[in-house]
1. Please enumerate the residues belonging to region 13-51 that are under 14 Å from Val2 (Cβ atoms) and part of a loop (DSSP other than H, G, I, E, B).
2. Restricting to region 78-99, name every residue that is open to solvent by 70 Å² or more (accessible area, probe 1.4 Å) and outside any helix (DSSP H, G or I).
3. If Thr67 passes every condition in (1) modelled with pLDDT of 95 or more; (2) surrounded by 14 or more Cβ atoms within 10 Å (Cβ to Cβ); (3) touching an Asp or Glu at 6+ places or on another chain (Cβ under 7 Å) but one, which one does it miss?
Amino acid sequence: RVDLRVGGRWEVTMVRRDTGEEFPAGYDIVELVVPELLVLRSDPMPQFGTTVTRVEFFDHGPKTRMTLTDGPYPPGFTHAEQGWNESFEKLATAIATAR
């Protein structure tokens, strides 16, 4: 669910493919500049508190460059990076399929 406005929320449930275990996550939308910037603050998580996800979009003519930063996470924690990479792969497939 997404309420796309400053003060709105993004709520998602991630599901592990191998076990089916669900991980709900919620974020407050703290900055939004369409179509350039989205900044989300996570609900506090027991493992590492609150994180901030910043997504910036840059116009490059027929292409768009996206830069994402997310954290802070403790040293050695790679689950977020793996999850984002899987999401980007799915996005690339969806875009290629839609053409």
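The values are calculated or read from the model by the stated rules, or taken from the named source; none is laboratory data. Just so it is clear, the model here is predicted, and its values are computed rather than measured. Neighbour counts run over all protein chains shown; Cβ positions are idealised from the backbone, glycine included. The area values use the complete protein model at the heavy-atom level, side chains included, leaving out ligands, DNA and RNA. Shrake-Rupley method; radii C 1.70, N 1.55, O 1.52, S 1.80 Å.
1. Val34 - this is the single residue of region 13-51 that is under 14 Å from Val2 (Cβ atoms) and part of a loop (DSSP other than H, G, I, E, B).
2. Once the filter is applied, which keeps residues that are open to solvent by 70 Å² or more (accessible area, probe 1.4 Å) and outside any helix (DSSP H, G or I), region 78-99 yields only Arg99.
3. (2)
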